[in-house]
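Colleague: Please read through the structure below; I'll follow up with questions.
The values are calculated or read from the model by the stated rules, or taken from the named source; none is laboratory data. Please read all numbers here as calculations on a predicted model, not as lab measurements. Heads up, the Cβs are rebuilt from the backbone with ideal geometry, glycines too, and the neighbour counts pull from every protein chain shown.
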Amino acid sequence: MELRVPVLWCVLASLLAPLCRSDDGFGSLEDLNQGEGVLSFLDIDAVSAIAPKPLMVGLTLIDGAAAKGAVCLDGTLPGYHLHRGQGSGENSWLIQLEGGGWCNTIRNCVYRKTTRRGSAKFMEKLLPFTGILSNKPEENPDFFNWNRVKLRYCDGASFSGDGQNEASQLYFRGQKIWLAAMEELMALGMKNANQALLSGCSAGGLAAILHCDKFRNLFPSRTKVKCLSDAGLFLDAVDVSGGHALRDIFAGVVSLQNVKVNLPGSCISHMNPTSCFFPQNLVANVKTPLFLLNAAYDAWQLQSSLAPSSADPRGSWASCKLNHQHCNSSQIEFLQDFRKQMLGSIKIFSSSPKNGLFINSCFAHCQSERQDTWFAEDSPLIGNKGIAESVGDWYFDRVNVKAIDCPYPCDKTCHNLVFK
Ligand SMILES: *[C@@H]1O[C@H](CO)[C@@H](O)[C@H](O)[C@H]1NC(C)=O
C-alpha cells in the first residue's frame with residue numbers, strides 16, 4: 001500500500017520551514033501553509049475509511065506557565081489537548097509529545113514564531129485523536145480508555161532548550177514547558193496514576209527518550225511507567241555527499257537553544273553535547289523501559305538527513321527520496337547500509353529485556369498516531385503482529401517484543417510514504 005503525499009515533506013516532519021523554502025527550494029509560503037495540513041490530511045484521510053468521525057479534542061493553554069518562564073518561541077502560552085480516561089483506564093495516563101522538526105538558527109526560529117510550532121496564536125484549537133490517541137477500542141485496543149494527552153510542541157528543541165535571545169525576542173523554553181505541563185497534569189490527576197506511558201513522534205519521539213527517566217521519577221515506584229519513541233531514532237549518519245547534515249542541524253539546535261544543561265549526565269560526561277542529542281548515544285542508558293518504533297528507511301531521515309538538497313546539489317536522489325520505487329540499486333544499497341547502522345546503534349539497548357523494538361523495513365515516519373498504521377485491517381506487520389499489539393504486549397508485559405523486519409523489499413505490509 002502506498003500513500004500519496006501532496007508536495008512538501010517539510011510539512012510532515014517540518015524540519016525548518018525556511019530551509020524548506022529557500023535552501024531546498026520547496027515551493028512558496030502558501031505551499032508550506034497548505035502543506036502544514038498534510039499530516040492531518042493524511043490522518044483524516046487514512047482514518048476516514050474506518051473512522052469517519054475522529055474524536056476532536058480541544059486545546060487548553062497552561063495559564064500558570066508564563067509565571068514559570070514556560071513559553072513558546074514567541075512568548076505565548078504552551079498548551080495541550082486532554083481527553084479524560086474512563087472505567088478501568090481512569091488512573092492510567094498516556095502523554096504524547098508532539099513532533100515537528102527543530103529550529104537551529106535565529107532566522108528559522110524567528111520564522112517558526114509565525115507557525116503553530118512556535119506560537120499558541122497559530123495552534124489548531126481542535127485536534128483529531130487517532131491511532132494511539134483514539135478513544136475507540138476497535139481503533140486502539142489497549143489505551144482507548146486511558147487519560148490521553150497531546151502536549152503541543154512550540155519550542156523547537158524537543159522540549160529541551162533553556163535560554164532566550166533578547167535581540168530577536170525568542171524564548172527557548174522547552175525544558176520549562178515540559179516541567180510546567182507535567183505540573184499541570186499532575187494536578188489534574190496524573191499524580192494518582194497507577195500506569196503511565198510517555199510517547200511521542202519524530203522530534204517528540206526524541207523528546208520522549210530525553211525525558212523518559214525524568215517522567216518516571218515523577219511517580220512513586222509502584223506506578224508502572226514506560227516510554228515509547230516513534231520515529232525518534234535519528235541517526236548520526238553520513239549523508240550522500242559524505243557530510244553530516246543532521247549533525248550540523250543538531251549542533252545548531254543544541255548551541256542556539258542551550259540544550260546542553262538538560263542532556264543526560266551519563267552522556268555529557270564523555271561526549272560532546274551535540275552527540276548527546278542523538279538517541280544512539282542515549283538509549284542504552286535510559287533506566288525506564290523504552291520501546292523504539294521506527295521505520296528502517298525512515299522517510300524523514302532519507303529526505304532531510306541522508307539526501308537533503310544541500311548534500312545532493314545535482315538532484316541524483318530527488319526521485320528516489322520521493323518514491324522508493326525510483327531508487328536504483330546503488331541507492332538501495334546505501335539505504336540498506338543505513339538500516340544496518342540503525343540496527344547496530346540499538347544492539348546494547350535491545351539486549352535488555354525491559355526494552356521493546358519494532359523496526360519495520362518501510363519508508364514511513366510516525367506510525368503510532370495514524371490510524372492506518374497503528375491498528376487497522378491492513379496495518380503494517382512484522383511476522384503476524386501489528387504495531388498496536390506489539391506496543392501493548394510490551395507495555396503490559398504479555399510477551400517480549402523485539403521485532404526486526406527482514407530487509408527491503410521483503411515486507412508487503414508497509415504503508416510507504418510516496419511524495420508527488
Ligand atoms: C544510480 O543513480 C546514481 C545517481 O543518478 C548514479 O550515480 C549511479 O551510478 C546509479 N547506479 C546504478 C547502479 O545505476
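Colleague: Among the candidates N140, N194, which residue alone is surrounded by fewer than 24 Cβ atoms within 10 Å (Cβ to Cβ) and within 30 Å of G87 (Cα to Cα)?
Modeller: After applying the criteria, what remains is N194.
Colleague: Could you tell me whether region 197-205 includes any residue that is in contact with a Ser or Thr (Cβ under 8 Å, 6 or more places away or on another chain) and surrounded by fewer than 21 Cβ atoms within 10 Å (Cβ to Cβ)?
Modeller: no
Colleague: Here's something else I'd like to know. Can you name the condition, by its number, that Y297 falls short on among (1) surrounded by 22 or more Cβ atoms within 10 Å (Cβ to Cβ); (2) assigned to a helix (DSSP H, G or I)?
Modeller: (2)
Colleague: Which pairs have Cβ atoms under 7 Å, sit 6 or more apart or on different chains, and link a residue in region 148-161 that is in contact (Cβ under 8 Å) with a residue 60 or more places away in the chain and of a type in the set (D, E) to one that is assigned to a strand (DSSP E or B) and surrounded by 24 or more Cβ atoms within 10 Å (Cβ to Cβ)?
Modeller: D155/F172
Colleague: Let me ask something else about it. Out of the residues in region 283-334 meeting the condition of being within 12 Å of the ligand (Cβ to nearest atom) and of a type in the set (A, V, I, L, M, F, W, C), tell me which one is nearest to the chain's Cα centre (by Cα).
Modeller: A307
Colleague: Return the pair list, or none, for Cβ contacts closer than 7 Å from residues in region 232-247 that are on the phi < 0 side of the Ramachandran plot to residues that are in a loop (DSSP other than H, G, I, E, B) and among the β-branched types (V, I, T), at least 6 apart or on different chains.
Modeller: H244/V238; R247/T274
Colleague: Further, regarding this structure: Look through G100, G118 and report the one residue that is crowded, with 24+ Cβ neighbours inside 10 Å, at positive phi and within 22 Å of the chain's Cα centre (by Cα). Please lay out each step first, then the result.
Modeller: On the way: G118 fails: at positive phi.
From the options G100, G118, the qualifying one is G100.
Colleague: Considering only region 299-315, state which residues are free of Cβ contacts under 8 Å to residues at least 60 places away in the same chain and of a type in the set (D, E, K, R).
Modeller: R314
Colleague: Kindly list, by first and then second residue, each pair from a residue in region 114-138 that is without any contact (Cβ under 8 Å) to a residue 12 or more places away in the chain to a residue that is of a type in the set (S, T, Y) and surrounded by 17 or more Cβ atoms within 10 Å (Cβ to Cβ), limited to pairs with Cβ atoms under 7 Å and residues at least 6 apart or on different chains.
Modeller: These pairs meet every condition: F122/T115.
Colleague: Looking only at region 134-162, which residues are touching a Pro at 6+ places or on another chain (Cβ under 9 Å) and not in a loop (DSSP other than H, G, I, E, B)?
Modeller: The answer is L151, and nothing else.
Colleague: Six or more apart or on different chains, Cβ atoms under 6 Å: show the pairs whose first residue is in region 320-341 and outside any helix (DSSP H, G or I) and whose second is within 9 Å of the ligand (Cβ to nearest atom).
Modeller: These pairs meet every condition: C327/C320.
Colleague: Does S88 satisfy the criteria of being out of contact with any helix residue (DSSP H, G or I) (no Cβ under 6 Å at 6 or more places or on another chain), within 30 Å of R222 (Cβ to Cβ), touching a residue at least 60 places away in the same chain (Cβ under 8 Å) and small (G, A, S)?
Modeller: No: the conditions fail for S88.
Colleague: Further, regarding this structure: From (1) surrounded by fewer than 20 Cβ atoms within 10 Å (Cβ to Cβ); (2) in contact with a Ser or Thr (Cβ under 7 Å, 6 or more places away or on another chain), pick out the condition that doesn't hold for Y80.
Modeller: Answer for Y80: the failing condition is (1).
Colleague: Suppose we filter region 361-394 for residues that are of a type outside the set (S, T, N, Q) and assigned to a loop (DSSP other than H, G, I, E, B); how many remain?
Modeller: Qualifying residue count, region 361-394: 13.
Colleague: Now, a different point. Which condition from (1) surrounded by 15 or more Cβ atoms within 10 Å (Cβ to Cβ); (2) more than 28 Å from Q195 (Cα to Cα); (3) modelled with pLDDT of 95 or more is the one that C406 breaks?
Modeller: Here C406 meets the rest and fails (1).
Colleague: Further question on the same structure: Considering only residues that are touching a residue at least 60 places away in the same chain (Cβ under 8 Å) and closer than 18 Å to F159 by Cβ, look in region 268-293 and name the one that is surrounded by the fewest Cβ atoms within 10 Å (Cβ to Cβ).
Modeller: That would be T288.
Colleague: Then there's this: Would you check which residues across region 155-175 are over 19 Å from I249 (Cβ atoms) and buried (at least 24 other Cβ atoms within 10 Å of the Cβ) and list them?
Modeller: Y171, R173, Q175
Colleague: Something else: Which of the following residues is surrounded by fewer than 19 Cβ atoms within 10 Å (Cβ to Cβ) and of a type in the set (S, T, Y): S345, S310, S305, S379? If you could, list the steps in order and put the result at the bottom.
Modeller: Details: S345 fails: surrounded by fewer than 19 Cβ atoms within 10 Å (Cβ to Cβ); S305 fails: surrounded by fewer than 19 Cβ atoms within 10 Å (Cβ to Cβ); S379 fails: surrounded by fewer than 19 Cβ atoms within 10 Å (Cβ to Cβ).
So the residue among S345, S310, S305, S379 that is surrounded by fewer than 19 Cβ atoms within 10 Å (Cβ to Cβ) and of a type in the set (S, T, Y) is S310.
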